[in-house]
Structures are given as structure tokens and as C-alpha cells.
There are 2 protein chains.
Amino acid sequence: MIDSMTITLHVTVPDEGWVERLTDLDDRVDLRVWDFSPPQPSHSVDLAVLPYTVSSAGLRQLDPERIAVIQSQALGYDGVREALPSGVTYCNAVGVHEESTAGLAVALLLASQRQLDVYARERGQWNRRWGTSVADRRVMLLGYGGIGIEMEKRLEGFGAEMVRVAGHRREDERGLIHGTDELPDLLPTVDVVMVAVPLSEATTGLIDDAFLAALPDDAVIVNVSRGRVADTDAIVRQAGRVRYATDVTDPEPLPAVHPLWAVPGVLITPHVGGMSSAMQPRVDRVVRGQIERLLDGRDPHSIVISP
Amino acid sequence: MIDSMTITLHVTVPDEGWVERLTDLDDRVDLRVWDFSPPQPSHSVDLAVLPYTVSSAGLRQLDPERIAVIQSQALGYDGVREALPSGVTYCNAVGVHEESTAGLAVALLLASQRQLDVYARERGQWNRRWGTSVADRRVMLLGYGGIGIEMEKRLEGFGAEMVRVAGHRREDERGLIHGTDELPDLLPTVDVVMVAVPLSEATTGLIDDAFLAALPDDAVIVNVSRGRVADTDAIVRQAGRVRYATDVTDPEPLPAVHPLWAVPGVLITPHVGGMSSAMQPRVDRVVRGQIERLLDGRDPHSIVISP
């Protein structure tokens with residue numbers, strides 16, 4: 001990709017904070033600040049780190065002749081393929097948000113089981129209520145990628161029985177991973193569904209009326225995937241019988257007047273799965289790794305869209 | 001204690017639900033309902049299961065001539081020694097609440113780190129905030145008995161560094177357990193303190209102004225022990241700089257007008273650590289075990305006060 005002996009690597013980062021954290025880079029790296037707002041730098045950019053908050057629409061106006069690789073700070077990249085000019089390589093942020101997002105997922109599960117949201121809203125009252133433990137429960141991991149594996153690691157100490165589900169039935173060293181075609185048989189047997197599937201045609205609206213109806217009373221669904229994986233109207237209809245704890249909604253942001261805020265047993269955080277102190281050291285590590293690979297003349301890691 | 005070949009074991013349980021769950025007991029067991037309200041049964045009772053909610057004061061009027069062993073459904077027994085007539089054996093409920101209480105402790109920690117209480121109270125608003133992960137943090141387990149060990153088990157998957165502290169410095173197969181005399185040196189180095197010490201003279205008021213002042217900014221203390229382990233006024237004074245997530249208060253119930261409800265960064269649940277679906281199967285198991293031991297002529301398990 002570049003000749004590591006003679007050429008400088010041109011890298012852009014979204015703000016000055018990045019420059020301060022990356023002062024110790026290799027001499028061959030030319031590091032500049034660019035936050036993806038026009039104008040695009042006039043020189044060729046080998047690696048451009050995308051701001052965490054830029055939407056895929058912001059990629060449309062890029063000149064692909066002067067930008068080789070974009071490093072996103074997000075894991076999901078729905079909508080990017082449609083917006084990105086061809087000729088640009090796009091890498092997602094593997095290893096940055098999985099731990100933080102899985103941590104929030106477990107926080108949402110525990111809070112819903114022990115009704116922490118209710119206690120928080122009742123501040124000043126001493127109303128004791130029985131809660132539901134995670135111990136003795138059957139917990140489905142729906143989606144067994146990076147976040148699913150991190151959720152499993154965190155839930156292991158809680159004494160739950162895990163039921164792993166991915167796109168296709170397979171086995172790994174821990175045993176069976178069910179396929180999504182087995183959901184109708186599995187859903188009635190679980191108390192908890194932890195959702196961490198990528199958004200795709202197959203997963204859009206996956207959590208619909210039939211899905212919810214198959215779950216036992218007082219089951220809880222925890223969603224840290226994408227809001228559109230669930231049919232919001234179906235959730236509103238069945239809230240009260242089943243619970244829903246979610247970091248993602250459809251639409252997003254969820255308008256103040258939306259009925260999902262008001263139905264019982266629904267706990268919502270405003271898409272903050274990746275927004276924890278765990279992010280910055282991990283995204284720094286990813287960018288340093290990419291710079292090293294490019295300096296070595298290797299392809300970058302975690303390419304999800306090739307030129 | 002009793003001759004297992006000829007004598008029936010007289011057992012009392014606090015309500016009819018217990019009788020239904022224990023229908024399959026050994027023929028030699030005479031099972032009756034008594035909730036510890038007067039009058040005490042006129043026959044001798046070999047094992048009396050205490051209602052979960054009876055306070056130690058309710059033990060004063062017992063006739064020790066007609067009651068051999070009391071099985072509590074609680075783990076803590078502060079105040080019992082002073083109230084219990086001599087001649088009665090008192091067993092606490094080891095193996096009943098540890099998992100449930102440790103589960104709530106981790107729930108409180110995660111909720112405070114990710115501000116779930118704030119989101120719950122702001123329902124209807126989409127205010128994204130950065131949170132604090134458990135990953136990369138140094139977490140002190142203050143108290144390393146049953147609950148401390150269960151907390152450790154649950155926190156293991158979160159990528160935190162654990163610092164274990166018990167009454168006296170010792171080693172186990174996992175390495176060093178610090179003594180409480182090392183707290184002044186350790187507190188400035190940790191981000192989280194999980195409190196699960198028994199209430200004693202040594203632990204009353206342990207979390208005082210000096211303890212809190214030694215912690216770094218934005219540290220969080222999670223208390224599932226007893227309210228009096230913390231100096232509530234000190235917490236109120238230092239809230240805002242450090243956070244406090246607690247299932248126990250002093251006094252308890254905490255009056256609606258108490259300032260602890262209103263200060264920032266304080267999350268309170270009304271002493272519900274043991275109140276989860278995990279309790280009933282475990283307390284049933286403990287009582288069945290005690291009946292088996294007494295029928296075999298052995299001493300009961302988990303004696304904390306001998307006659």
C-alpha cells in the first residue's frame with residue numbers, strides 16, 4: 001500500500017485531543033486534525049479517523065481519489081455502504097465497544113430484574129418489592145459475535161444457564177450454538193433474551209408480536225443492538241406481560257411523547273452502550289495498530305467495506 | 001440430640017406455603033405452622049424456622065425449655081445474641097442470600113457507573129452522557145466472606161482488577177487478601193469499594209470522613225452490608241465528590257425527609273438484597289439439610305449462637 005522506507009503516512013484525527021494522545025508515533029507519520037467537515041484536506045490521506053458522531057450521510061461528499069482508508073470509531077456500519085464513494089476502504093472499530101456495550105447490557109438486565117429504575121423514580125419512599133435474580137434463570141444470547149461473547153463472559157458468574165443463538169446452528173468448544181430457525185422452540189424455555197445481532201434484512205423486526213408471544217410471562221428482552229431489530233409497536237402492545245430494557249430505539253432519538261417511554265416494565269437508555277471510560281484507551285489502541293500495519297505495508301485490520 | 005430410631009422430629013415453619021413445599025419429608029418429621037407469635041407451641045420444638053421478617057426483639061419472650069434450635073432465614077444476626085434466651089441454638093442462613101445479595105451489589109455498581117438511576121428519573125428525555133465502565137477499574141472487595149466471594153465471581157468477567165480486603169492479612173490460592181489495617185494505603189488506589197463486612201464494633205462507622213476523603217474523585221462505594229457500617233452524615237457531606245449506591249441505610253427505613261435521598265450520586269434500594277427469586281429454593285434446601293442432620297443425630301449446620 002505504501003513504501004514503508006521512503007513515504008510518510010498521512011493520518012487525520014478528528015480533534016486535538018487525539019494529537020496529544022498520539023505524540024509518541026513513528027517519525028514517518030504525518031498527523032493532522034480533520035473532523036470530516038468540508039473542505040477535505042488537499043493532500044492524500046492514507047488513514048482518516050472518523051469522528052464518533054458523524055453519520056454515514058456525511059461520507060457522501062468525500063473525494064475518493066484523496067482518501068484511502070477510513071477508520072470508524074463505531075462497530076455498526078448500517079447505511080455506510082450506500083453512502084461511501086467507491087474506492088475508499090472502511091474499517092469498523094472491532095475491540096473498542098464490545099466490553100462497554102456488554103457491560104451496559106448486563107447493567108440493564110440486572111436493573112430490570114431488581115427494579116432499580118422503579119426505586120430510582122420512587123426516591124424518598126421505602127417500598128420493598130421482591131425482585132428476580134439472574135441465578136437459576138435461562139438466558140438466551142441472541143447474536144454471538146463480539147458483544148455476545150462479552151455478555152456471556154460477564155454473565156458466567158451469575159449462575160444462569162446460557163442458551164446461545166446465532167444465524168446458523170454450529171458447535172464450538174463450549175458446545176452447541178443454536179440457529180435462529182430454532183427460535184420458536186427455544187423462546188418459550190428462556191427467561192431472558194440478550195439481543196446483540198447486527199442490523200440486517202433478516203434481523204429487522206425480528207422481535208415482533210410472535211416473538212414476544214412465545215416468551216413466558218415476565219420474561220425480559222435486553223436490546224443493545226439496533227432499535228429496528230424490534231417492532232416498537234409490538235413492544236408497546238406486550239409491555240406489562242414481558243419487560244424490555246433497551247439502549248436503542250426506533251426512531252432514535254425517541255420523541256418525548258412516544259408511548260414506549262410510558263408503558264410499564266420498559267427501561268430505556270439513550271444509545272450510550274459505547275459511551276464509557278472504556279472507549280478511549282481501546283480506540284487509541286485500534287488506531288495505533290492500524291498505523292503500524294500501514295507502515296509495515298500490510299492491509300488494515302477490520303475492513304468491512306473494500307474499495 | 002434425638003434418637004433417630006424412635007423419636008419424631010418436631011419442626012415448625014412460619015406459614016402454610018412451607019408445609020406445601022415440604023410435603024415429601026421423612027415420616028418421622030412432625031411439621032406444624034408457627035410464626036413465632038405467642039403462644040409458643042406447648043410441645044417441645046426441635047427445629048423452628050423463623051419468619052424472614054421477625055426482628056431479634058421478638059425472640060425475648062421465648063421459653064428456652066421448649067425450643068432447641070432456631071433456623072433463621074437471614075445471614076446477619078446483629079442483636080440476636082442480646083435478645084435470645086440462653087439454652088437455645090441459633091443458626092443463620094448460610095447459602096441462602098449470598099448470590100442474591102451479591103447480584104444486587106453488582107446491579108447497584110453497574111447502575112451507578114452507567115447512571116441508570118438518572119436515566120430512569122429523566123424518563124422521556126434523550127440526554128446522552130458518558131458513563132464509567134467497570135473494565136479497567138480497580139475494585140476493592142471490603143469483606144471476603146460468602147457475599148464477598150460471590151461478588152468476586154460475578155465481577156470476574158468485567159475486566160476489573162480486584163483488591164481483596166478482610167479483617168486480617170492472609171493468603172489463599174488466589175493470592176493476597178489485605179488486612180483492614182492497610183485501608184489507608186489502599187483506598188487512594190481504588191475506583192470502587194464493594195462493602196460486605198458483618199456489622200461489629202470494628203466495622204460500625206468504618207466508612208467515615210477519613211475513609212471517604214482517602215478515595216479518589218468519582219469513586220463509588222456499594223454497600224450491601226449494614227447501614228451503620230457507614231457514617232451517614234459523612235456520606236451526605238462528601239456526596240457529589242464520591243458516589244454511594246446502597247441497599248442498607250441508618251436509620252432503616254430511611255425517612256422520606258432524610259437528606260441522603262436528595263444528595264447527588266446516591267442510589268438507594270430499600271434493603272432488598274435477599275428479596276429475589278433466588279431465595280426460596282435456597283432456604284428450602286437449608287431447612288431440608290438441617291432436618292436431615294437432626295434426624296441423623298448430628299448437630300445442625302451454621303450454628304452462630306450455641307446454647
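Only one entry in B:170, B:164 is farther than 26 Å from residue B:111 by Cα and either modelled with pLDDT of 95 or more or not aliphatic (A, V, I, L, M) (or both), namely B:170.
Quick check on the stretch A:277-297. Is at least one of its residues within 18 Å of residue A:112 (Cα to Cα) and β-branched (Val, Ile, Thr)? There is no residue in the stretch A:277-297 that is within 18 Å of residue A:112 (Cα to Cα) and β-branched (Val, Ile, Thr). Against the criterion of being in contact with a His (Cβ under 6 Å, 6 or more places away or on another chain), modelled with pLDDT of 95 or more and away from chain A (no Cβ under 14 Å), residue B:179 qualifies. Restricting attention to the stretch B:227-256 and to residues that are among the aliphatic types (A, V, I, L, M) and more than 14 Å from every other protein chain (Cβ to nearest Cβ), the residue that is nearest to the chain's Cα centre (by Cα) turns out to be B:229. Of all the listed residues (A:114, A:174), the sole one being basic (Lys, Arg) and within 30 Å of residue B:253 (Cα to Cα) is A:114. Within the stretch A:152-199, the set of residues being more than 29 Å from residue B:101 (Cα to Cα) and of a type in the set (Gly, Ala, Ser) comprises A:166, A:167, A:175, A:179. Being at the interface with another protein chain (Cβ under 7 Å from one of its Cβ atoms) and in contact (Cβ under 8 Å) with a residue 12 or more places away in the chain is the filter; apply it to the stretch B:114-128 and report the residue that is surrounded by the fewest Cβ atoms within 10 Å (Cβ to Cβ). Of everything passing the filter in the stretch B:114-128, B:117 is surrounded by the fewest Cβ atoms within 10 Å (Cβ to Cβ).
Could you tell me whether the stretch B:100-119 includes any residue that is of a type in the set (D, E, K, R) and outside the structural domain of residue B:284 (by TED's automatic domain parsing)? Yes, the stretch B:100-119 contains a residue that is of a type in the set (D, E, K, R) and outside the structural domain of residue B:284 (by TED's automatic domain parsing).
In this entry, residue A:82 is excluded by the filter for residues that are under 21 Å from residue A:189 (Cα atoms) and either more than 7 Å from chain B (Cβ to nearest Cβ) or in contact (Cβ under 8 Å) with a residue 24 or more places away in the chain (or both). When the helices (runs of 4 or more DSSP H) confined to the stretch A:1-113 are screened for residues that are of a type outside the set (Phe, Trp, Tyr) and either at pLDDT 95 or above or buried (at least 21 other Cβ atoms within 10 Å of the Cβ) (or both), those reaching at least 3 such residues are found at A:16-21, A:98-113. Within the stretch A:129-144, the set of residues being crowded, with 17+ Cβ neighbours inside 10 Å and either more than 7 Å from every other protein chain (Cβ to nearest Cβ) or touching a Gly at 6+ places or on another chain (Cβ under 8 Å) (or both) comprises A:133, A:134, A:135, A:136, A:137, A:139, A:140, A:141, A:142, A:143, A:144. With respect to the conditions (1) crowded, with 18+ Cβ neighbours inside 10 Å; (2) assigned to a loop (DSSP other than H, G, I, E, B); (3) touching a residue at least 60 places away in the same chain (Cβ under 8 Å), residue A:294 lacks only one, and its number is (2). The residue of the stretch A:92-113 that is nearest to residue A:271 (Cα to Cα), among those that are of a type in the set (A, V, I, L, M, F, W, C) and facing chain B (nearest Cβ under 7 Å), is A:104.
The values are calculated or read from the model by the stated rules, or taken from the named source; none is laboratory data. Predicted model only: the values in this text are computed from it and were never measured. Because the Cβ atoms are built from the backbone with ideal geometry, glycine has one as well, and the counts that use them run over all protein chains shown.
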